[in-house]
1. May I ask for the net charge around residue 185, where only other residues with Cβ less than 15 Å from the Cβ of residue 185 are counted and Lys, Arg are +1 while Asp, Glu are -1?
2. What residue among 168, 157, 110 has its Cα farthest toward the positive end of the dipole of the chain, where the charges are +1 on Lys, Arg and -1 on Asp, Glu, each on the Cβ?
3. Whose amide H sits under 5 Å from the amide H of residue 27, counting only residues 5 or more places off or on another chain, with H placed in the peptide plane?
4. For the chain, what D do you get in µm² per second when you plug the Kirkwood radius from alpha-carbon pairs into Stokes-Einstein at 37 °C and 0.692 mPa s?
5. Tell me the label-point distance for the pair residue 147, residue 165, using the 7 Å Cα-to-Cβ offset, in nm and rounded to one decimal.
6. For Cα pairs less than 8 Å apart in space and 6+ apart in sequence, what is the mean separation divided by the residue count of the chain, i.e. the relative contact order in percent?
7. Could you name the lysines whose alpha carbon sits less than 24 Å from that of residue 42, not counting residues in the same chain fewer than 8 places away?
8. With label points built 7 Å along Cα→Cβ from the Cα atoms of residue 109 and residue 204, find their separation and express it in nm.
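No value in this document is a laboratory result; all are computed from the given coordinates. Quantities reported herein were computed from a predicted structural model and do not represent experimental measurements. Glycine gets a Cβ as well: all are built from the backbone with ideal geometry, and neighbour counts include every protein chain shown.
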Amino acid sequence: MIRVLIADDHPIVRRGLKTILKDVTDIKVTDEACDGLEVMEKVRNEEFDVLVLDLSMPKLDGLEAIKRIKTEKPDLAILVLSMNPEEVFGIRALNLGASGYLSKDTALEQLILAIRRVASGKVFISQLLAESIAQNVSRGSPRLPHEHLSDREYQIMLMIARGMSLKAIGAELSVSVKTVSTHRTHILQKMKLENNAQIVTYALQNSLLT
């Protein structure tokens, strides 16, 4: 039996996943978490085979959670299930130790297949993500400006590009406005941009918001 922990900040999503998986004979949802800190608590105190994780989590975002979990529980398979574009966040999640990445609009059959695959110690990626990885490998050219950003900077850059204020970003990530402002400064410096408008333009030109 594959023991699954579902981590998503939306109750309706957690409930939906539990309903979908309840009739799958070899998969059992044994617990759930609504924020990143609760995920860490559950992982430390209980045993799971697969963590199905959303990236946009309050208190501790998904990418940071992956880092910490792989340090404390390196054998736990992590399957990211997120609304964030696979080709944008997928490679970063895999590099941090996730075993798979799926979009929330994925078909039920593919989700079940992905859970089984990562539980067996294998990696699961969609065709879209596989093509993105192949393009990165074959490109052979210098990294694009946004590829020099840390995971947190990259996340904040996309939030700025979507029009979120520093205050809103801080609330979403459970950090101070000052911390967000510092990250913004580093983002502008690393990407050689001057303001938020240029961040928006860059993100659109490089299809980072698709």
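1. Working: positive: 152, 178, 184, 190, 192; negative: 153, 194.
Net charge in that neighbourhood comes out at +3.
2. Towards the positive end, the residue furthest out is 157.
3. Under 5 Å from the amide H of residue 27: 2.
4. Working: Rh = 17.8 Å.
D = 184 µm²/s.
5. Those two pseudo-labels are separated by 3.6 nm.
6. Numbers: 302 pairs, mean separation 32.4, N = 210.
Worked out over the chain, it gives 15 percent.
7. Residue 42 reaches 18, 22, 28, 59, 67, 70, 73, 104, 122.
8. Calculated label separation equals 3.9 nm.
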